[in-house]
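Colleague: A single structure is presented below for examination.
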Amino acid sequence: MFNLQRLLVERIESRILVGTVAFLLIMVLVGWIAINEGGRMKAFEEQYTARSIERGAVLFMNNCSTCHGEDGRGLAGIAPGLNSPYLFGHDFFAEINAEVATLTAERDAEGTTDARKAEIDARLAELETERTNLTTSLQTAVAAGYDPAKGTRLDSVGWSSTLYNYVYTTLIHGRPNSGSYWPRAMPAWSQTAGAALRNDQLGDLTTFIMNWDKGDAWTVEDANAVRQYPRYPVDAALAAPGADTIGVSTDIATIMTELANFTGDSNNGQSLYNGALGCAGCHTAGVVAPATAGTWTRAETERLTDPALAGYTAEQYLAESITHPNDYVAPGFQPGIMPQNFADRITYQDLADLIAFLATQQ
């Protein structure tokens with residue numbers, strides 16, 4: 001018969017020893033789990049964030065890249081860069097400004113000797129040279145709208161919370177007034193505002209955008225790579241069309257009659273196309289909009305064969321495409337992508353110059 005008693009620890013001392021060892025083993029196991037819990041949770045959070053970034057990347061490409069660029073550096077004249085040291089609050093002049101403030105305070109303090117003041121003045125002169133050189137190296141960024149004097153993006157808009165909350169809130173509500181200084185207003189993206197994206201998707205988008213932050217590793221090259229920096233509604237020249245612009249309500253027949261009085265300058269047209277109007281941002285690669293290269297040839301050999309453009313010349317087709325872009329949308333592309341307010345932003349001379357430039361694209 002099976003003897004259960006033999007399996008039991010008979011002596012009380014042995015029972016105490018077994019219990020103590022078991023207790024210690026349990027404590028070691030609990031301690032090991034506790035020590036490694038932080039690492040386990042960190043790894044879990046990293047995996048979760050990585051998946052969120054991946055989902056956000058897809059959402060950005062599908063919904064945001066047509067205005068902000070596939071690499072997030074913005075499109076000239078269309079929308080500002082998000083992959084930008086300015087958005088993430090990097091101040092290239094911070095060290096220079098801090099040293100200037102410290103030295104100036106020391107120089108103006110009582111008891112500073114003349115010899116020390118001379119040393120400070122010499123160092124301040126060196127710092128001014130460094131500032132000038134740094135400003136010169138940032139001229140490409142300045143030409144794209146970067147203004148070192150404006151501080152960080154959050155400072156310029158008076159935002160007191162975190163950058164994450166700023167981006168997330170902007171995605172939810174949009175920036176409805178931005179249409180006065182950009183071709184199109186930043187739309188609201190949240191389903192609560194009647195748009196397409198859920199809040200979790202907006203969170204993924206925000207996480208993806210935040211992933212561009214380089215901390216203190218932002219470089220001058222990064223700043224110069226941004227194609228467009230923010231505009232501000234206080235810039236009166238950007239807030240309203242000039243009196244001599246064409247006007248979005250002007251019909252194409254009237255435009256063509258008036259346009260006949262102007263001779264186009266292709267060089268200025270190229271400058272407008274690549275610079276102030278930001279046309280190249282969408283048209284260069286031919287993905288978002290028809291490619292720049294071959295524009296005139298396609299207009300004559302392809303577009304004008306469409307019955308919808310019967311009686312048009314290539315010049316009229318291009319003039320209408322610029323001033324009334326949704327009246328005819330090139331096959332394979334989406335309506336509404338082309339800014340609708342160019343006629344409020346350009347003069348007849350600008351339009352003639354643009355067409356003269358596009359006429360070189362044979």
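Colleague: Against the definition (in contact with a helix residue (DSSP H, G or I) (Cβ under 7 Å, 6 or more places away or on another chain), surrounded by 12 or more Cβ atoms within 10 Å (Cβ to Cβ), closer than 30 Å to Arg231 by Cβ and free of Cβ contacts under 8 Å to residues at least 40 places away in the same chain), how does Glu130 come out, yes or no?
Modeller: Spelling it out, Glu130 is indeed in contact with a helix residue (DSSP H, G or I) (Cβ under 7 Å, 6 or more places away or on another chain), surrounded by 12 or more Cβ atoms within 10 Å (Cβ to Cβ), closer than 30 Å to Arg231 by Cβ and free of Cβ contacts under 8 Å to residues at least 40 places away in the same chain.
Colleague: Let me ask you something else. Using the structure shown, decide if Gly145 is among the small types (Gly, Ala, Ser), within 28 Å of Ala280 (Cβ to Cβ) and assigned to a helix (DSSP H, G or I).
Modeller: In short, no.
Colleague: Can you pull out every residue in region 193-212 that is of a type outside the set (S, T, N, Q) and surrounded by fewer than 17 Cβ atoms within 10 Å (Cβ to Cβ)?
Modeller: Those that are of a type outside the set (S, T, N, Q) and surrounded by fewer than 17 Cβ atoms within 10 Å (Cβ to Cβ): Ala193, Gly194, Ala195, Ala196, Arg198, Asp200.
Residues checked against (1) out of contact with any Cys (no Cβ under 7 Å at 6 or more places or on another chain); (2) open to solvent by less than 30 Å² (accessible area, probe 1.4 Å); (3) under 15 Å from Asp91 (Cα atoms); (4) not polar (S, T, N, Q):
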| position | (1), (2), (3), (4) |
| --- | --- |
| Thr140 | yes, no, no, no |
| Ala144 | yes, yes, no, yes |
| Asp155 | yes, no, yes, yes |
| Trp159 | yes, no, no, yes |
| Asn165 | yes, no, no, no |
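Colleague: Same structure again: Quickly run through region 185-218 and pick out the residues that are hydroxyl-bearing (Ser, Thr, Tyr) and closer than 20 Å to Thr162 by Cα.
Modeller: Of all residues in region 185-218, those hydroxyl-bearing (Ser, Thr, Tyr) come to 190, 192, 206-207.
Within region 185-218, Ser190, Thr206, Thr207 qualify.
Colleague: Can you pull out every residue in region 176-226 that is closer than 18 Å to Gly69 by Cα and basic (Lys, Arg)?
Modeller: Arg184
Colleague: In region 313-328, how many are open to solvent by less than 50 Å² (accessible area, probe 1.4 Å) and either of a type in the set (A, V, I, L, M, F, W, C) or not in a helix (DSSP H, G or I) (or both)?
Modeller: Residues that pass the stated criteria total 7.
Colleague: Only one of these conditions is not met by Ala185: (1) open to solvent by less than 50 Å² (accessible area, probe 1.4 Å); (2) under 15 Å from the mean Cα position of the chain (by Cα); (3) at pLDDT 85 or above. Which number is it?
Modeller: Status for Ala185: all satisfied but (3).
Colleague: Looking for whichever is within 30 Å of Asn133 (Cα to Cα) and either surrounded by 18 or more Cβ atoms within 10 Å (Cβ to Cβ) or over 14 Å from the mean Cα position of the chain (by Cα) (or both) here; the options are Thr263, Thr219. Which one fits?
Modeller: Checking each option against the conditions leaves just Thr219.
Colleague: Continuing with this model, one more query. If you check Thr112 against the conditions, is it among the polar types (S, T, N, Q) and under 31 Å from the mean Cα position of the chain (by Cα)?
Modeller: Taking the combined requirement at face value, the residue does not satisfy it.
The values are calculated or read from the model by the stated rules, or taken from the named source; none is laboratory data. Keep in mind the model is a prediction, meaning the values are calculated, not measured. When we count neighbours, we look across all protein chains shown, and the Cβ atoms used for this are built from the backbone with ideal geometry, even at glycine. Surface areas here come from the heavy atoms of the whole protein model, side chains and all, with no ligands, DNA or RNA. Shrake-Rupley method; radii C 1.70, N 1.55, O 1.52, S 1.80 Å.
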